[in-house]
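One structure below.
The numbers here are math on the coordinates, done by the rules we state, and not lab data. Source: prediction; values computed, not measured.
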Amino acid sequence: MNLVYFLVIGALAGWIGSTLMKGGGFGLLGNLVVGIIGAFVGGFVFDLLGLSAGGTLGTLVMAVVGAMVFLFLVRLIKRA
């Protein structure tokens, strides 16, 4: 069940992050990848800032923030 939960949160975070960053979404698989990478990036950023995310909503917020940071960095690199 934890794997399913992880995948659902990742897909949702990727979709929300790409929508907020005006990316329009990347399809289910693309959103899943962006969300999973975003969860790791968000965890790293939150740890650096001394923040913690508890519960499902906190995990989702952390993953969305991470997905947005990840998409920003990808667009920055893509422009160069």
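Would you kindly state how much longer the chain becomes between L49 and L29 on full extension, computed as 0.36 nm times their sequence separation minus their alpha carbon distance, in nm to one decimal?
4.2 nm
Looking at the chain as a GNM with Cα springs under 10 Å, which of G27, G38, G14 has the largest mean-square fluctuation?
The residue that fluctuates most here is G27.
If the chain between L57 and R79 were fully stretched, how many nm would it gain, using 0.36 nm times the residue separation less the Cα-Cα distance?
Once the chain is fully extended between L57 and R79, it gains 4.6 nm.
Find how much the distance from F72 to V4 grows on full extension, using 0.36 nm per residue of separation minus their present alpha carbon separation; answer in nm with one decimal.
The F72-V4 span can extend by a further 21.8 nm.
Show me, for the stretch 49-57, the HN-Hα J-couplings you get by feeding each phi into the Karplus relation (A = 6.51, B = -1.76, C = 1.60, θ = phi - 60°), rounded to Hz, glycine and proline as x.
For the stretch 49-57, the Karplus-derived couplings read 7, x, 9, 9, 10, x, x, 5, 5 Hz, x marking Gly and Pro.
Among G66, G30, G17, which one moves the most in a GNM of the chain with springs linking Cα atoms closer than 10 Å?
In this elastic network of the chain, the residue with the biggest mean-square fluctuation among G66, G30, G17 is G30.
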